[in-house]
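Please treat every number below as a calculation from the coordinates, not as lab data. Only a predicted model underlies this, so the values are computations on that prediction, with no experimental measurement involved. Every residue, glycine among them, receives a Cβ derived from its backbone with ideal geometry; neighbour counts consider all protein chains shown.
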Amino acid sequence: MAVIETKGLTKYFGEVKAVDGIDLSIQEGELMVILGPSGCGKTTLMRMIAGLEKPTGGEVMIAGENVTELPPRARPIAMVFQSYALYPHMTVFNNIAFPLKARGGFSKEELKEKVEWAASILGIERLLARKPRELSGGERQRVALSRALAKEPGVLLLDEPLSNLDAKLRASARDELQRFQRRLGITTIFVTHDQIEALGMGDRIVVMSGGKIVQVGTPRDVYHDSSNVFVAQFLGSPGMNILEMDDFLVGFRPEQFTLKTHETESDGQKTFSFSVTRVEYLGADQLIYGNIEGYEREYHVVAKFSSESTSIVEANHTYEFVVNRDQLRYFEKQAGSRIEPRSF
Ligand code: ATP
């Protein structure tokens, strides 16, 4: 059953159309990621689902009820936003307890039980007596998440909740978040502009651009079967290589662009002459930058090899590179939509 549904959800800020007719359906227990570049409308969409922003048009349904006109507190949701605010003068315990006290109706024991439960999910029981200033950034983040969980919401809305963490902490927080989300089976919407985070966490991903949905699918769908050239280039690090032909675009991913050898040679491959300009060592991987030659114009592309790869390529040399034909993706030039294979 869909726990959250939006129908034609639209928001104008004056002349700016921030969100443009979004139809979305999120299933019970699902972790749905909303991914897109800065300014594409992710936060505005989330704020409308939360009730913090009044839609210009459309509807929000939560658990089968039309909540479009309801204030945030009347919706069965909890939120953690990028700029989560903890109360500096309160202990961690009181920070987590605050929304429960505000709701009222809990005995002291019940409050204690709920706070301890929420703190244990994020592993911060030993911090309950501290004040926020005595915590690291990552610990503060966990307090904010515990506070949201303590309300036992039907839906958790997270807007870039990990953006204040350094890369290493971010990876472990991601893991933690995903584990408790799975364990509690809590329907979650997670907003990010970070495609690695999106691919790693989402059951499904909504890719947005210019206030609209470009594609909705599993991480595998959106990565391997991008429905649009925008999605193909936005996902992946680096994104898909695109060659512009007369009336269409053809693309392949950097890791699919490999050195031709006698062992790998086969009929199912397209061969390119690749003049290497630079090799960038990145630890586990290396990126090979260069140009594809032999067409009317030159195309800058990049290949991605494992650093352990036995294929050795050097700058200022030209090689034969191949892509499996079934890995080539074709897009129409105007709107960028996926099309059937063409010859080139
Ligand atoms: P980011 O990743 O940078 O947070 P976003 O995808 O969350 O971006 P939104 O914050 O939803 O994007 O903004 C969408 C568009 O609406 C942008 O063009 C933004 O400038 C505009 N916008 C957002 N809030 C307001 C506001 N209160 N008044 C006017 N314009 C706004």
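One quarter of the surface of the convex hull around the alpha-carbon atoms of segment 4-229 equals 12.8 nm², the direction-averaged projected area.
Between residue 344 and residue 109, the modelled labels are 7.1 nm apart [label points 7 Å from Cα along Cα→Cβ].
Could you order peptides 318-327, 105-114 by the average number of other Cβ atoms within 10 Å of their residues, highest first? Spell out each step's value before the answer.
On the way: 318-327: 16.1, 105-114: 11.7.
Answer by packing, highest mean first, reads 318-327, 105-114.
A simple spin-label model places the labels of residue 306 and residue 73 5.7 nm from each other, with each point 7 Å out along Cα-to-Cβ.
Using the structure shown, list the pairs from 270/333; 7/112; 131/168; 42/112 with a Cα-Cα distance above 30 Å, or answer none.
Working: 270/333 21 Å; 7/112 40 Å; 131/168 24 Å; 42/112 35 Å.
Long pairs (Cα-Cα over 30 Å): 7/112; 42/112.
Can you tell me the order of 193-206, 176-189 when each peptide is scored by its average per-residue count of other Cβ atoms within 10 angstrom, highest first? Don't skip to the answer; put the middle values down first.
On the way: 193-206: 20.1, 176-189: 18.1.
Top to bottom by mean Cβ count within 10 Å: 193-206, 176-189.
Counted over the chain, the DSSP beta bridges are approximately 75% antiparallel. Sequentially through segment 294-299, phi angles give Karplus couplings (6.51, -1.76, 1.60; θ = phi - 60°) of x, 10, 4, 10, 8, 10 Hz, Gly and Pro residues having no value and appearing as x.
The modelled label-to-label distance for the pair residue 130/residue 221, using points 7 Å beyond Cα in the direction of Cβ, is 4.2 nm. To the nearest µm²/s, what D does Stokes-Einstein give for segment 186-261 at 10 °C and 1.306 mPa s, using the Kirkwood radius over alpha carbon pairs as Rh? So the translational diffusion coefficient is about 117 µm²/s. Each principal axis of the Cα atoms in segment 236-291 has its own extent, and those three values, largest first, are 37, 28, 20 angstrom. Give me the Kirkwood hydrodynamic radius of segment 28-86 in Å, from all C-alpha pairs, to one decimal place? Radius from the Kirkwood sum: 12.8 Å. Anisotropy class assigned to segment 240-332 is prolate, per the alpha carbon gyration tensor with a/c at or over the 1.5 cut-off and a/b larger than b/c. Working note: 222 nm ellipticity from helices only, DSSP H runs with n ≥ 4, each -39,500 (n - 2.57), summed and divided by the residues of the chain, gives -7500 deg cm²/dmol to the nearest 500.
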